[in-house]
Amino acid sequence: MNYSIGAAFVDGSYISIDQAKLPIMDWGFLRSDATYDVAHVWRGRFFRLDDHIDRFERGIAKLRMSLPVSRKELRDILFRCVQLCGLQDAYVEMICTRGIPLPGSRDPRTCKNAFYAFAVPFISIADPEAQRRGISLRISNVVRIPSSSVDPTIKNYHWHDFTRGLFYAYDQGDDTVVLTDGDRHVLEGPGFNIFMVYAGEISTPSTGILEGITRKTVLELAMKSHHLVKERLVSIDELRSADEIFITSTAGGIIPITRLDGKIVGSGAPGSTTLDLKARYWDAHNNPEWNDPI
Ligand code: PLP
């Protein structure tokens, strides 16, 4: 088994990532009927793992599913996946699917919910050079699936809107995309939350989003370091006049946006507030309350 490329936990066994396969009848695959979470390991330590597991458990409860493993077993499985591949920096995903219904049944209550997990080398939305320079963002013509249909606080695989938006951005030569609520407010992008800085005040959308663990960390660090910070509706027009924009994700941390819809943001280089928070975010990885050594 070649675990160096990643390790997975499927159907009660550990397996190398290239061998991991799903049962085709699992509704997680057939109907996107699943929730998941992604935590990361940095320099041999999980970052805020309990916050990720708390969010995962809340999503499972909202979907009326139950995890077939205890919280202790779940933690042990995630640690084991990372230990097997020997990675110091890893992207670690836990998944709960509706599972497979009784033969011939279309009733979700008959499904046996399933648990899967895997660890692979750390994945980032932008490579280190792009992170340093900043990346370009396009405001999408695609509206985010309404919260009244799919609850965005449950981390989910309903990504048709994001993927359509991404192609729209790529077609214009941009790196990524942010979706809107159809009422001229920005929400979030494929795998990230968004922040803007205007006249010294930091703002991030308050509703219609996944409450990211990186977003939460940034809010806490910003308040602690006496930045003015608000969770509120953020309009497209405000974003266009921002001095600084950055996105936040487990997959990469804090990533500066230096072009929006083809126009330079601020000075065209990552701004001082973004860089300050980015430094604080990576420093926070040494906070013993937020890390679990492998
Ligand atoms: N929003 C969406 C839709 C996401 O999928 C993600 C992460 O994948 C985020 C925001 C950022 O969340 P976190 O900081 O917990 O990675």
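We did not get these values from a lab; they are worked out from the coordinates using the rules stated. A quick note: this is a predicted structure, and the numbers were derived from the prediction, not measured. Because the Cβ atoms are built from the backbone with ideal geometry, glycine has one as well, and the counts that use them run over all protein chains shown.
Brief remarks follow.
- Amide H contacts of Leu260 (H built 1.01 Å from N, in plane; Pro and chain starts excluded): Leu137, Val265 sit under 5 Å, all sequence-distant by 5 or more or on other chains.
- Shape box of the stretch 49-94 [Cα atoms, principal axes, largest first, Å]: 35, 17, 13
- Between the Cα long axis of helix 272-283 and the first principal axis of the chain there is an angle of about 30°, rounded to the nearest 10.
- Note on the chain: Kirkwood hydrodynamic radius from all Cα pairs is 19.9 Å, rounded to one decimal.
- More than 28 angstrom apart: percent of Cα pairs within the stretch 53-194: 36 percent
- Residue (of Ala90, Ile53, Val265) at the positive-pole extreme of the chain, dipole from beta-carbon charges: Ile53
- For the stretch 128-176, the dipole from Cβ point charges (+1 on Lys and Arg, -1 on Asp and Glu) about the Cα centre works out to 100 debye, to the nearest 20.
- Across the options Ala130, Pro108, Val120, the greatest Cα extent toward the positive end of the charge dipole of the stretch 94-172 (unit charges at beta carbon of Lys, Arg, Asp, Glu) belongs to Pro108.
- Put a plus charge on the Cβ of each Lys and Arg, a minus charge on the Cβ of each Asp and Glu, and nothing anywhere else: the dipole of the stretch 1-79 about its Cα centre is then about 240 debye.
- Cα centre as origin, Lys/Arg/Asp/Glu Cβ charges: the chain dipole, Debye: 480 debye
- Pairs exceeding 24 Å between alpha-carbon atoms, taken from Lys21/Lys62; Lys224/Lys278; Lys21/Lys216: Lys21/Lys62; Lys21/Lys216.
- Inter-centroid distance (Cα atoms) of the stretch 12-37 relative to the stretch 76-114, Å: 6 Å
- Between 0 and 90 degrees, the angle of helix 160-171 with respect to the longest Cα principal axis of the chain falls at about 50 degrees.
- For the chain, the 222 nm mean residue ellipticity estimated from helices alone, with every DSSP H stretch of n ≥ 4 adding -39500 (n - 2.57) and the total spread over all residues, rounds to -8000 deg cm²/dmol.
- Peptides 247-255, 270-278, 196-204, 127-135 ranked from most to least packed by the mean count of surrounding Cβ atoms within 10 Å: 247-255, 270-278, 196-204, 127-135.
- For the stretch 220-294, a Kirkwood radius taken over Cα pairs fed into Stokes-Einstein (10 °C, viscosity 1.306 mPa s) yields D = 114 µm²/s.
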